[in-house]
Every structure is written in C-alpha cells, then in structure tokens.
1. Show me, bin by bin at 10 Å from 0, the whole-percent P(r) of segment 96-210 based on Cα pairs.
2. Trypsin sites (Lys or Arg not before Pro), restricted to segment 129-222: which are DSSP loop and have at most 11 other Cβ atoms within 10 Å?
3. Diagonalise the Cα gyration tensor of segment 155-276 and give the resulting equivalent ellipsoid semi-axes, square root of 5 times each eigenvalue, largest first, whole Å.
4. P(r) of segment 66-139 in 10 Å steps, Cα pairs, percent per bin?
5. Could you look at segment 9-147 and say what percent of its accessible area is carbon and sulfur, using a 1.4 Å probe and all protein chains?
6. At residue 90 and residue 26, where each label point lies 7 Å from the Cα along Cα→Cβ, what is the point-to-point distance in nanometres?
7. Please report the Cα spread of the chain along all three principal axes, rounded to whole Å, starting with the longest.
8. Report the Stokes-Einstein translational diffusion coefficient (µm² s⁻¹, integer) for segment 198-238, Rh taken as the Kirkwood radius over Cα pairs, at 37 °C with viscosity 0.692 mPa s.
Amino acid sequence: SIMNSKNNITLSPLPQTSRMKTFRANFLLLITAIIWGSAFVAQDNAGEVLGAFSINFSRYLVGGIVLIPLFLYINFKEGNNNPKKKKGKLRTSFIGGIFCGCALFVASALQQFGINAGADPGKAGFITVMYIVIVPLFGLFLKKKVGLFCWIAVAIAPFGLYFLCMDGFVMPAVSDLILLACAVVFSVHILVIDKFSPNANGVLMSSIQFLTVAVLSFICMVVFEQEYIPEIPKASKDIAYLGIMSSGVAYTLQIIGQKNTSPTVASLIMSLESVF
C-alpha cells in the first residue's frame, strides 16, 4: 500500500491476501471431507452393535474431552492480551457452541437412525450431502450472495454424486427420508457455524458443541436405549475413531475453515466426503 502525505511517500508491506486465507480455509475443509468420508464405515460398524443415541453420546463425549487440553494450551499461549476482546470471544464460543451442538445433535441422530435403518454407507453419504443444494437456498433467505459459478457447481454436483454412490434407481425407503431430513438439519448447522465462527475460538466452540451433543444424547440414551449401554465397549475402536478424528479433528477444522470462506463453497468442498 502507498500513502502520500505532501512530499513524503511511505511504502508499507502488503498484508496477507484474503485469497491465501480462503485457500487455506478450503484446504482445511478438504481434510474435513476426507476424515468424514472414512467415518461412514465406522458409523456403519458401530451401528451393528449400538443405537444412534449411544453411538453419538460416546463419540461426542470423546471428541469434547479430547479438545479441552488443546484449548487450555492455546488459551495459555495467548496470555491476557486484550482481556475485553478475549472475554467476548469466549462468550461467543459458548453461545455458538450450544446452538451448533443442538443442530448437530438432531442431524447426527437422524444420520445414525438412517444408517441403522438399513441405508448402506454409500447411499447414506449421497443423501446426507444434499446439503450442497439446501445451504445456498437457505442462504438466500439470510441474504448470502452466491456467485454464478457456485450455482453451476451446486447444479452439477448432485448428478455426479448420484453416479458415484448409487447403483441405478432405487425406490426411496424410510431410511432415505430420514437421511434427507438429516441433510436439511446439517444445512442449518453449516449456517449456524457461519454465523458464530468469525468471532469465536474454534477449538472451544467445537468442544462446547460436542459436549452439548453428548449431554442431549445421554438423556435420550438413558430413556430410549438402556439396553445398549453395556455394549458400548464392544464398539470402542469405532467410537475412538469417530470421537477423535471425525468429531474432535474434523468438526474443529470445519469451524476454523468456515471463518474465511462462504457457506456455499464450504458445503461443496465438504460434500467430497462421498467421494472419499
């Protein structure tokens, strides 16, 4: 940038371009898609032993606990610089985490119900990522601008995903309708993250969202799935992967990545989970 004051010209270094920030954000979302894609198999395996609420309670409890030491470390490294701003960031992280957790609780439960009801992982992945169409449509009501190329990508992506995941036309089943409802709620989840993530601590917000899901899932598990509680250790390997990687790592990367990219672009990149 150049600043001209009378006869003095001062040259200052160019700030980091927003294009680089967007590239990094999109790369984090790509890693998220890779992890989520592999998680469908773990969800399918765990679903043979446990119910939806017992799976989600276990995986999100692990995810929330894993992130606490990381947040404490980051918080310690930041020190007490600008305490007022830091307090506001923490407040946004807690509020955003609770709202995201409520949306994630409903979406994850519907997804696991759909998988447990008989949908194979490929079909579950295809229907779940229909949020790529729903997110920009919801975004219109929130005055989120979507460029022409994004709309073209949104229009093409479902066809590619269909040929990738499906083996000819299959009549819709109950599990498909459950997964479609899951896609709608995941769209809400993406937009809620877009609302809170720019002013939040990504790790703390992610941890709060997981613990919120764990608490809600625990209540439902005690009420509806008491018989599955003793079976949780049998799915420990799948729960560990879902908790640490799919929840702890991937959802945190989603929150951090969505700070610097639009929700429509984020949904397109994350839909690559079906590819993986």
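The values are calculated or read from the model by the stated rules, or taken from the named source; none is laboratory data. The structure displayed is predicted, hence computed values, not measured ones. So basically every Cβ, Gly included, is an ideal-geometry build from the backbone, and we count neighbours across all protein chains shown. The protein model used for the area step is the full one, side chains on, heavy atoms only, and it has no ligands, DNA or RNA in it. Shrake-Rupley method; radii C 1.70, N 1.55, O 1.52, S 1.80 Å.
1. Distribution as computed: 14, 37, 35, 13, 1 percent.
2. Sparse-neighbourhood loop trypsin sites (Lys or Arg not before Pro): 143, 145.
3. One finds semi-axes of 26, 24, 14 Å for segment 155-276.
4. Each 10 Å bin holds this share of Cα pairs: 15, 29, 25, 22, 9, 0.
5. 69 percent
6. Taking the two extended label points, one gets 3.7 nm.
7. 79, 44, 30
8. Using the Kirkwood radius from Cα pairs, D works out to 271 µm²/s.
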